[in-house]
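Input: a single structure, listed below in structure tokens.
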Amino acid sequence: MIYPRRPKISALLDDLNAVGILHGDIKFNNILSPAEPWLEPQICPRHKQVHQWRVIDFDRASKWNRENVIDRKRFSNIQCCAVEDPMFWGCC
């Protein structure tokens, strides 16, 4: 199955990885499209664009050590692989 939003959501997770945040509960219903047209759009400094999606529900989030090579490989893979799982999209 092809998910057209996957690259855009992966970019959000890439931003979290870049600052060393493990969300802890990444799933499709914790990613929302902002519906407030009156809010000033924020340009992502890493991707040089306004993201169409927002990550919410950080109650299980934790900070990890980006300087530790083992942490960097492990935790960045955890979040990015979540988007590949059909359960992320609510298909199972």
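Rounded to whole numbers, the Karplus 3J(HN,Hα) couplings from phi for the range 58-65 are 9, 5, 9, 5, 9, 9, 10, 7 Hz, using 6.51 cos²θ - 1.76 cosθ + 1.60 with θ = phi - 60°, and x at Gly and Pro.
Computed extension length for Val50-Ala11: 12.9 nm, one decimal, from 0.36 nm per residue of separation with the Cα-Cα distance subtracted. Amide H contacts under 5 Å for Cys44: Gln49, Val50, His51, restricted to partners 5 or more places along the chain or on a different chain, H placed in the peptide plane at 1.01 Å from N.
Couplings 3J(HN,Hα) for the range 9-25, derived from phi with the Karplus relation 6.51 cos²θ - 1.76 cosθ + 1.60 (θ = phi - 60°), are 6, 4, 5, 5, 5, 4, 5, 4, 4, 4, 9, x, 10, 9, 4, x, 8 Hz, where x marks Gly and Pro.
Only the coordinates and a few stated rules stand behind these numbers; no lab work does. These numbers come from a predicted model, not from an experiment.
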